[in-house]
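Before anything else, here's the structure in question.
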Ligand code: GLU
């Protein structure tokens with residue numbers, strides 16, 4: 001089992017899971033599932049000021065919602081835990097002191113003010129703002145004296161003077177010349193390790209075989225390569241995935257609209273549409289196919305097909321993909337998912353979800369194929385509960401100022417208002433009578449639609465009528481007869 005594939009997603013719990021993080025998680029998940037490996041979730045919470053328990057929970061929930069299940073993680077454990085960095089602090093400390101003993105790191109007693117001064121001086125002299133190694137030159141006695149005095153210190157890594165090369169699975173050969181980095185801190189004076197140090201220890205101890213993460217981590221990778229070498233650990237393989245940009249080609253941010261996974265969830269996107277779309281941000285299967293289920297993505301995924309050029313987040317495309325996945329929902333799933341969106345706007349429908357499921361299903365299926373998001377359902381079916389009195393000039397918009405259409409509508413409304421009880425059958429009988437009076441095609445169906453729904457567009461007329469007629473026992477559904485009367489009241493002069 002030596003070459004077992006083990007990948008990880010390592011979020012810092014400082015807020016919601018955003019699109020970029022979700023894509024990184026997805027690529028890791030797909031790579032693990034495709035190659036029979038393990039997908040590990042590790043929480044990187046050493047930044048005590050910014051990390052919160054709530055954020056961790058939100059991120060885990062968002063990942064679960066996306067169906068990116070992990071094999072090892074803080075909530076489920078595993079053989080390489082703990083999976084929260086804040087619970088591994090002693091480990092990092094021990095390795096930091098090991099490097100110190102081996103002379104690969106040293107104590108730095110410089111204060112923030114001294115470091116700031118050093119930076120300014122370097123800037124003035126147009127040198128890179130590297131640490132000037134003054135503490136590396138302290139004698140053993142000087143160091144001991146400072147420790148005795150209780151002067152706080154950091155542990156600083158002594159950067160080797162050599163070039164580094166990385167063969168990245170996405171970017172190819174990446175080279176760094178000697179001297180691009182100054183000695184950097186690995187353990188802060190409060191005993192907290194820094195991100196670059198923890199990651200190396202964890203990836204090594206957790207036997208991570210491949211690190212798939214965002215391109216912006218490339219500068220960190222240099223530091224990490226140095227640390228792997230100093231610690232005598234074999235580094236994993238790296239794949240740095242390109243940035244996600246907004247349509248204006250700047251880095252995707254809140255300015256571009258929703259970027260957090262939970263916001264997309266609230267806005268009525270489906271998890272399978274999200275994973276489908278996220279996969280296309282930098283990956284394709286070599287054809288122009290764009291619709292994939294998560295299972296199909298697992299079958300098709302290959303790191304070799306991940307592009308190194310930036311991906312552009314295109315909400316129109318996500319909308320299109322979401323509409324495709326909505327169409328594929330089973331009745332059962334669609335009923336379940338529609339509920340919170342409908343009830344938020346029409347709370348009285350809660351009862352219908354248990355007592356009139358057939359009717360609810362008819363109603364939501366009636367609008368299914370035109371949906372971009374689930375959030376649009378209430379707006380699409382609001383005509384059931386609202387029949388708004390028209391403004392005077394809506395004659396023009398409803399009937400395009402066509403007298404004959406208005407006359408037909410008046411005739412239909414007249415006949416319907418006289419029926420004792422309206423059924424689908426007797427309604428169509430009445431419509432047929434109007435037809436016999438010479439109103440056909442657009443002089444029949446359009447006026448009928450306006451009379452029964454109060455709108456000039458919407459679902460197919462047959463189902464539309466059925467949904468109102470069959471909804472007569474549902475609270476707040478306005479009966480057709482009442483609609484006909486309201487129509488007459490308004491247009492009959
Ligand atoms: N915790 C890092 C982040 O959230 C991830 C680091 C990594 O993948 O190595 O950006």
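The values are calculated or read from the model by the stated rules, or taken from the named source; none is laboratory data. Just so we're clear, the structure is a prediction, and the values are computed from it rather than from any experiment. Methodologically, a virtual Cβ is constructed for each residue, glycine included, from the backbone with ideal geometry; neighbour enumeration extends over all protein chains shown.
Could you name every one of the helices (runs of 4 or more DSSP H) located completely within region 169-269 that has at least 2 residues being without any contact (Cβ under 8 Å) to a residue 24 or more places away in the chain, within 16 Å of the ligand (Cβ to nearest atom) and surrounded by fewer than 18 Cβ atoms within 10 Å (Cβ to Cβ)?
none
Sticking with this one: With respect to residue 92, is the statement that it is under 21 Å from residue 7 (Cα atoms) and surrounded by 15 or more Cβ atoms within 10 Å (Cβ to Cβ) true?
yes
The conditions are (1) within 42 Å of the chain's Cα centre (by Cα); (2) assigned to a helix (DSSP H, G or I); (3) surrounded by 19 or more Cβ atoms within 10 Å (Cβ to Cβ); (4) in contact (Cβ under 8 Å) with a residue 60 or more places away in the chain, and residue 452 fails exactly one of them. Which is it?
Going through (1) within 42 Å of the chain's Cα centre (by Cα); (2) assigned to a helix (DSSP H, G or I); (3) surrounded by 19 or more Cβ atoms within 10 Å (Cβ to Cβ); (4) in contact (Cβ under 8 Å) with a residue 60 or more places away in the chain one by one, residue 452 breaks only (4).
Name the one entry in 23, 84, 8 that is surrounded by 17 or more Cβ atoms within 10 Å (Cβ to Cβ) and more than 21 Å from the chain's Cα centre (by Cα).
From the options 23, 84, 8, the qualifying one is 84.
A follow-up question, please. In this structure, does residue 272 turn out to be within 20 Å of residue 28 (Cα to Cα), within 24 Å of the chain's Cα centre (by Cα) and surrounded by fewer than 17 Cβ atoms within 10 Å (Cβ to Cβ)?
The answer is no for residue 272.
Can you pull out the residues in region 328-339 that are exposed (fewer than 12 other Cβ atoms within 10 Å of the Cβ) and either within 17 Å of residue 373 (Cβ to Cβ) or in contact with a helix residue (DSSP H, G or I) (Cβ under 8 Å, 6 or more places away or on another chain) (or both)?
333
Does residue 277 count as in contact (Cβ under 8 Å) with a residue 24 or more places away in the chain, away from the ligand (no atom under 13 Å from the Cβ) and either more than 13 Å from the chain's Cα centre (by Cα) or not in a loop (DSSP other than H, G, I, E, B) (or both)? Working first, answer last.
Numbers: in contact (Cβ under 8 Å) with a residue 24 or more places away in the chain: yes; away from the ligand (no atom under 13 Å from the Cβ): yes; either more than 13 Å from the chain's Cα centre (by Cα) or not in a loop (DSSP other than H, G, I, E, B) (or both): yes.
Taking the combined requirement at face value, the residue satisfies it.
Could you grab me the full set of residues in region 26-38 that are in contact with a strand residue (DSSP E or B) (Cβ under 8 Å, 6 or more places away or on another chain) and away from the ligand (no atom under 13 Å from the Cβ)?
29, 31, 32, 33, 37, 38
Per-residue answers, yes or no, for (1) more than 14 Å from the ligand (Cβ to nearest atom); (2) assigned to a loop (DSSP other than H, G, I, E, B); (3) at pLDDT 95 or above:
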position: 16; (1), (2), (3): no, yes, no
position: 40; (1), (2), (3): no, no, yes
position: 45; (1), (2), (3): no, yes, no
position: 54; (1), (2), (3): yes, no, no
position: 57; (1), (2), (3): yes, no, yes
position: 61; (1), (2), (3): yes, no, yes
position: 64; (1), (2), (3): yes, no, yes
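Now for a different question. Could you check, for region 145-155, whether at least one of its residues is at pLDDT below 95, surrounded by fewer than 11 Cβ atoms within 10 Å (Cβ to Cβ) and more than 42 Å from the chain's Cα centre (by Cα)?
No, every residue in region 145-155 fails to be at pLDDT below 95, surrounded by fewer than 11 Cβ atoms within 10 Å (Cβ to Cβ) and more than 42 Å from the chain's Cα centre (by Cα).
Among the listed residues 23, 8, which satisfies the condition of being outside any loop (DSSP other than H, G, I, E, B), touching a helix residue (DSSP H, G or I) at 6+ places or on another chain (Cβ under 7 Å) and within 11 Å of the ligand (Cβ to nearest atom)?
8 is the lone residue from the list that is outside any loop (DSSP other than H, G, I, E, B), touching a helix residue (DSSP H, G or I) at 6+ places or on another chain (Cβ under 7 Å) and within 11 Å of the ligand (Cβ to nearest atom).
Is at least one residue of region 362-384 over 22 Å from residue 266 (Cα atoms), without any contact (Cβ under 8 Å) to a residue 24 or more places away in the chain and in a helix (DSSP H, G or I)?
No: region 362-384 contains no residue that is over 22 Å from residue 266 (Cα atoms), without any contact (Cβ under 8 Å) to a residue 24 or more places away in the chain and in a helix (DSSP H, G or I).
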